[in-house]
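*Asks:* Quick one: structure below, then a few questions.
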Amino acid sequence: MINKEFDDIEEENTYENINFSSMRDKIRVSDVTFINCTFDQNNFKNSEWLDCTFSGINFSNFNFENSVLYRTEFKKL
C-alpha cells in the first residue's frame, strides 16, 4: 500500500490502495473515488464529503459526527 498525505487529495481523482495520513485542517473532499484505501485518522467530525465514492473501505469505529455526506456512495467489493 502506498502512503499519501490526506491534504494532497485532489478533486476528480481516483485513489486505489492508498494509506492516507492524518489531516489537521477541516476536511472537505469532493468528486473523489477511494478504492481499498485506509486512513490513519478515524475522527472525521464536521467533515464534508460531496459526490464521493468509497469502495472496499472499512469505516468501523470512525466518527462522522456533524458531518455532511451528500451524493456519496458506499460500495462493497
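*Asks:* For the condition on the phi > 0 side of the Ramachandran plot and not β-branched (Val, Ile, Thr), what is the one hit in Asn58, Asn66, Asn43, Asn19? Walk me through it before giving the result.
*Replies:* Numbers: Asn58 fails: on the phi > 0 side of the Ramachandran plot; Asn43 fails: on the phi > 0 side of the Ramachandran plot; Asn19 fails: on the phi > 0 side of the Ramachandran plot.
Only one candidate qualifies: Asn66.
*Asks:* Same structure again: Within the chain, considering only strands (runs of 3 or more DSSP E) that don't extend past its boundaries, which have at least 2 residues that are surrounded by 11 or more Cβ atoms within 10 Å (Cβ to Cβ)?
*Replies:* On the way: elements: 2-4, 13-16, 18-20, 28-30, 32-35, 48-50, 53-55, 68-70, 73-75.
Those strands (runs of 3 or more DSSP E) span 13-16, 18-20, 28-30, 32-35, 48-50, 53-55, 68-70, 73-75.
*Asks:* Continuing with this model, one more query. Mind checking which residues of the stretch 13-27 are modelled with pLDDT of 95 or more and either under 17 Å from Thr72 (Cα atoms) or among the acidic types (Asp, Glu) (or both)?
*Replies:* Asn13, Thr14, Tyr15, Glu16
*Asks:* Looking at (1) modelled with pLDDT of 95 or more; (2) within 18 Å of Leu77 (Cβ to Cβ), find the lone condition where Asn63 falls short.
*Replies:* That leaves (2) as the condition not met.
The values are calculated or read from the model by the stated rules, or taken from the named source; none is laboratory data. It should be emphasised that the depicted structure is a prediction, and the values quoted were computed from it without experimental measurement. Heads up, the Cβs are rebuilt from the backbone with ideal geometry, glycines too, and the neighbour counts pull from every protein chain shown.
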